[in-house]
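Inspection log for the structure reproduced underneath, given as structure tokens.
The values are calculated or read from the model by the stated rules, or taken from the named source; none is laboratory data. Quantities reported herein were computed from a predicted structural model and do not represent experimental measurements. Backbone-built Cβ (ideal geometry, glycine too); neighbour counts: all protein chains shown. Accessible surface is based on the protein model in full, side chains and every heavy atom, while ligands, DNA and RNA are left aside. Shrake-Rupley method; radii C 1.70, N 1.55, O 1.52, S 1.80 Å.
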Amino acid sequence: MLQRDIELARASCVDTYGQRSTSTSPFDAYHRSVFGDDPKNVLTNYGFVANASFDLDFAMLSSITAFDHTSQGSNDPEGPGLGDRAGAFDVRFDTDINQFSQEIRLSSPAGARHTWVAGATLIKNDTRVREAIQVNFSSFGGASLSTETPAQTLAGSSAYLEPVTQDAVDIGAFAQVDWSLADRLTLVTGLRGSWYKKTFTASLDFPGLSFPETEESISQSSISFRAGLNFKINRDALLYASVSQGVKPGGYSVQFILNANQLPGAKQERLLAYEAGFKGRIAPDLNLNLAGFYYDYDDLQSLTQVLANGVFTQRFSNIGDARVYGAEGDVSWSPSRALLFRAGATYLDTRITRSVDIDGNGIAGDVTGNKLQSAPKWSANWLGRYTASLSSAVDLVVQYDGSYTGANWRSIDNSPFNYTEASTLHNASIALASPDDTWEASAWIRNISDERVMAWQFNFGGNMRRSYIPPRTYGLTLSYRFR
């Protein structure tokens, strides 16, 4: 699929924004040597997971070790324009993320009346981002982004080079006990303590905006908990209610750093969640899940727009408090071994209850009362699948699925520029697979109706950059699961 996209771009001689590329600038030899001159996006991912378990008689000892590497590189020669200024920016970046995790846990032996689990975790994450933007000032008539830099020196083009690193370590300990109060009633209690530290470095090489390598770090500790009641109506149905507090570590924005004042990151975010619901089988072939919830956020984290050296860009900050309430449900029906139908829906009501001035000058604005970003009032999904046995070793699987996402905003300022209309997506696939899911060969088509749906939007210096989900896309997938 990637190769096909590249060839289409070459055949049309335009970039991903539909603008014809005429650039001959030897900008950033490193990126050109890796990614070339054609618009493309290259994603590489690999990793491993190792599990080990030991029976200690009084408990089961388990170890889970994992490593994951993801690298992504893309370029957009003669990239997004600015109004009628085609090719104002030439954007290239590559990212490397390495994550190592280790978990050790002890769990109660099988058959215990009160079940428990306790353990410790270590997560280490290293992120490296190299971002480069060629700003073609000739598209601006020689205008300068900085009054400190003579416009005549920017009549051609200038390179914005930004190497960024973020190193994070998270250490935690946890315990949970499920207390059997009666044959059908269980009390669930859990506690987790954690400490994390993130170190962030960034520098900028750009005429009039440069700053040397700057390092920031943030470290915090937290305690989170969970308490709930589970009541078994029968063997196949459960009523539950819970209250829990979770903590999301703080961090930094890793893109478009124009000013060292952008570097102070966000501190940790706290969520107090209440939830109650039902899970179970209500008929021999019919399962139903229903839930209602209320979420209370303190120090909500978000990317916000700020003014840095006269240019609007983004910063990762705590924007205030918010509340969310809603309900969700899903149903699955399997009238025969060959047929499966699923459908689900979610209702959300979100509101920012308190907002803060991000950079002290009101640029971020008062967003109290606004809706949260990417939080549609209504969303839904559905699926239909038919499976036929061709032989003892091969199944034929035909599937159709779809989703509905209601209108929503892509930023907390709820600006009309960041408003996304409701959309409906349809997908289909046909596959040959082994009955035990060891291997599968499938042909698929996604976004059948070729909907144009915005995935994200970013304001860089007044230049509104938008990314959209892939258009109608088709391809083949071969998969094998090692056991």
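In the assembled protein chains, Ser467 presents an accessible area of approximately 30 Å² (probe radius 1.4 Å). Take every pair of alpha-carbon atoms less than 8 Å apart whose residues are at least six positions apart; their mean separation over the length of segment 347-436 yields a relative contact order of 26 percent. Accessible area of Asp167 (1.4 Å probe, protein heavy atoms only, ligands and nucleic acids ignored): about 50 Å². The stretch between Arg337 and Ala175 holds 54.3 nm of extra length on full extension. This uses 0.36 nm per residue minus the Cα-Cα distance. When Met60, Met454 are compared by accessible surface with a 1.4 Å probe, the order from highest to lowest is Met60, Met454.
Ranking Tyr419, Tyr297 from most to least accessible surface, computed with a 1.4 Å probe over the protein chains only, gives Tyr419, Tyr297. When the residues Val247, Val367 are ordered by accessible surface, computed with a 1.4 Å probe over the protein chains alone, the sequence from largest down reads Val247, Val367.
Charge tally for Arg351 (other residues, Cβ to Cβ under 9 Å; Lys, Arg +1; Asp, Glu -1): +1. Of all lysines in the structure, those lying under 29 Å Cα to Cα from Lys371, and not within fewer than 8 positions of it along the same chain, are Lys248, Lys267. Residue by residue, segment 242-248 carries 3J(HN,Hα) couplings of 8, 10, 8, 10, x, 10, 10 Hz when phi is fed to the Karplus relation 6.51 cos²θ - 1.76 cosθ + 1.60 (θ = phi - 60°); x denotes Gly or Pro. Rolling a 1.4 Å probe over the protein heavy atoms leaves Ile171 with an accessible area of roughly 80 Å².
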